[in-house]
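A.B. asks: What follows is a single structure, and I will ask about it in a moment.
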Ligand SMILES: Cc1cc2nc3c(=O)[nH]c(=O)nc-3n(C[C@H](O)[C@H](O)[C@H](O)COP(=O)(O)OP(=O)(O)OC[C@H]3O[C@@H](n4cnc5c(N)ncnc54)[C@H](O)[C@@H]3O)c2cc1C
């Protein structure tokens, strides 16, 4: 039997291991931490959003580059994931905004345990607490404690570089670069961005949400919500723009996003409500006629000068597009995901590292992006499944 070594024990590796044919390959999975799937469990802390419930076409769209991700997503879709989990006795439900979660009452650790039990039953060998160190001068894999693991095929699934405590430390980057493989810088994605709030504003509004808003940057407009933190802005609306904002912040000292506090109303509707109000004070009109909460009104005051605030036309324009300057991205270690990673032109259509025959790489360690909403896990799962499917179809004599 040919031997496969999987290095990394996160989402991408688990789905690969679940679908690789163990009648054909002897499979060993090495993970540097004491347990598998640490980031999977961290992801579950705020609700384990496994995938997004939508048509295949619109599932593929938010991935960047979608042409790269599309074949894997088509091979193992959101529906396939839901059906597979069902077979593992992990029923799912579609929450508000089409995010898919394990049914209420099922904890992330139970999902992980069911996947692990499935892998044990199909005779995947685990080497936990086993750290891959690089390649020796003969090109053999090196592990800590002088462990030797024979491999005909190696599948790397080492993750990105956020939440290092989970094992996704990005240390692998240099080892690949030393082999002549291009790795794009690892940067925070789906992350917070810094805003220079006024002292009074942040003291009064730290931790407050801005719900039912829309945020625009460049030619993108995202409806969703934001949270105000001491550092700046967080939340799905800004996460979804993080890749583009990061690209601008690489070149410039600041990036400006535009916040629409009333995306459900056109300018004409807003004007009609404003003009129809019997309130005498502007704050009264904003709260009673336009239904803006205290935080939204305070935010407007932060970003309007006195003249704009007292001039209805200018004020209404600002309500539809509050200009907010972003100074920097939050720390990489606190980001939900990482952009950058092994450059995609180093990878062939089967996730093989072109310069290294029989070496494959999947998951967040490749240079792709997806927003929150279950797209990240789905992307990793789809790559794991698709690679297993490909290797299952190989004539092993040729490996
Ligand atoms: C706070 C947070 C919340 C999230 N919520 C969601 C969500 O709800 N939905 C969603 O879709 N996504 C979510 N994500 C993102 C998602 O969890 C990741 O994109 C996904 O887990 C990446 O999977 P992966 O297999 O590529 O890497 P990882 O899951 O990071 O696994 C990589 C593994 O490789 C191991 N490893 C690294 N180096 C070595 C080495 N040298 N030797 C041996 N092992 C090594 C690591 O220890 C790690 O276990 C969230 C992420 C965070 C941080």
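A.B. asks: State whether the residues of region 319-333 include one that is farther than 24 Å from residue 211 by Cα, within 33 Å of the chain's Cα centre (by Cα), modelled with pLDDT of 95 or more and not in a loop (DSSP other than H, G, I, E, B). Spell out how you get there, then give the answer.
C.D. replies: From region 319-333, those farther than 24 Å from residue 211 by Cα are 331-333; that's our starting set.
When the remaining residues are screened for being within 33 Å of the chain's Cα centre (by Cα), the result is 331-333.
Then keep just the ones that are modelled with pLDDT of 95 or more; that gives 331-333.
This time we only want the ones that are not in a loop (DSSP other than H, G, I, E, B), so: 332-333.
Yes, there is a match, as at least one residue in region 319-333 is farther than 24 Å from residue 211 by Cα, within 33 Å of the chain's Cα centre (by Cα), modelled with pLDDT of 95 or more and not in a loop (DSSP other than H, G, I, E, B).
A.B. asks: Report every pair of residues separated by at least 6 positions or lying on different chains whose Cβ atoms are under 6 Å apart, first residue within region 19-41 and more than 19 Å from residue 156 (Cβ to Cβ) and assigned by TED's automatic domain parsing to the domain that holds residue 358, second more than 6 Å from the ligand (Cβ to nearest atom) and at pLDDT 95 or above.
C.D. replies: If the second residue must be more than 6 Å from the ligand (Cβ to nearest atom) and at pLDDT 95 or above, the pairs left are 21/392; 22/122; 22/123; 34/128; 34/129; 41/108.
A.B. asks: Something else now. Based on this model, can you work out whether residue 17 counts as touching a helix residue (DSSP H, G or I) at 6+ places or on another chain (Cβ under 8 Å) and more than 28 Å from residue 191 (Cβ to Cβ)?
C.D. replies: Spelling it out, residue 17 is indeed touching a helix residue (DSSP H, G or I) at 6+ places or on another chain (Cβ under 8 Å) and more than 28 Å from residue 191 (Cβ to Cβ).
A.B. asks: Looking at residue 103, is it over 30 Å from residue 359 (Cβ atoms), over 20 Å from the mean Cα position of the chain (by Cα) and surrounded by fewer than 17 Cβ atoms within 10 Å (Cβ to Cβ)?
C.D. replies: Answer is yes for this residue.
A.B. asks: Give the number of residues within region 146-184 that are on the phi > 0 side of the Ramachandran plot and assigned to a loop (DSSP other than H, G, I, E, B). Please lay out each step first, then the result.
C.D. replies: Residues of region 146-184 on the phi > 0 side of the Ramachandran plot: 146, 159, 163, 167, 170, 180.
Adding the requirement that they be assigned to a loop (DSSP other than H, G, I, E, B) leaves 159, 163, 167, 170, 180.
Qualifying residue count for the region: 5.
A.B. asks: Within the group 290, 251, which residue is free of Cβ contacts under 8 Å to residues at least 60 places away in the same chain and under 30 Å from residue 332 (Cβ atoms)?
C.D. replies: When all the criteria are applied, what remains is 251.
A.B. asks: Pick from 343, 361: which is in the same structural domain as residue 159 (by TED's automatic domain parsing) and more than 10 Å from the ligand (Cβ to nearest atom)?
C.D. replies: Numbers: 361 fails: more than 10 Å from the ligand (Cβ to nearest atom).
Unique residue meeting the criteria: 343.
A.B. asks: Any chance region 247-270 includes a residue that's in a helix (DSSP H, G or I), in contact with a strand residue (DSSP E or B) (Cβ under 6 Å, 6 or more places away or on another chain) and closer than 25 Å to residue 196 by Cβ? First the steps, then the outcome.
C.D. replies: Quick first cut of region 247-270, residues in a helix (DSSP H, G or I) only: 247-251, 267-270.
Checking which are in contact with a strand residue (DSSP E or B) (Cβ under 6 Å, 6 or more places away or on another chain) leaves us with 248-249.
Filter once more, keeping what is closer than 25 Å to residue 196 by Cβ: 248-249.
Yes, region 247-270 contains a residue that is in a helix (DSSP H, G or I), in contact with a strand residue (DSSP E or B) (Cβ under 6 Å, 6 or more places away or on another chain) and closer than 25 Å to residue 196 by Cβ.
A.B. asks: Name the helices (runs of 4 or more DSSP H) wholly inside region 1-66 in which the number of residues that are within 21 Å of residue 120 (Cβ to Cβ) and within 15 Å of the ligand (Cβ to nearest atom) is 3 or more.
C.D. replies: By residue number, 11-19, 38-45.
A.B. asks: Within region 360-380, track down each residue that is in a helix (DSSP H, G or I) and more than 8 Å from the chain's Cα centre (by Cα).
C.D. replies: The answer is 363, 364, 365, 378, 379, 380.
A.B. asks: Right, here's the next one. I'm trying to understand the selection: among the residues of region 199-212, which are farther than 16 Å from residue 303 by Cα and not in a helix (DSSP H, G or I)?
C.D. replies: Selection gives 206, 207, 208, 209, 211, 212.
The values are calculated or read from the model by the stated rules, or taken from the named source; none is laboratory data. Quantities reported herein were computed from a predicted structural model and do not represent experimental measurements. A quick note on method: Cβ atoms are made from the backbone with ideal geometry, for glycine too, and the neighbour counts reach across all protein chains shown.
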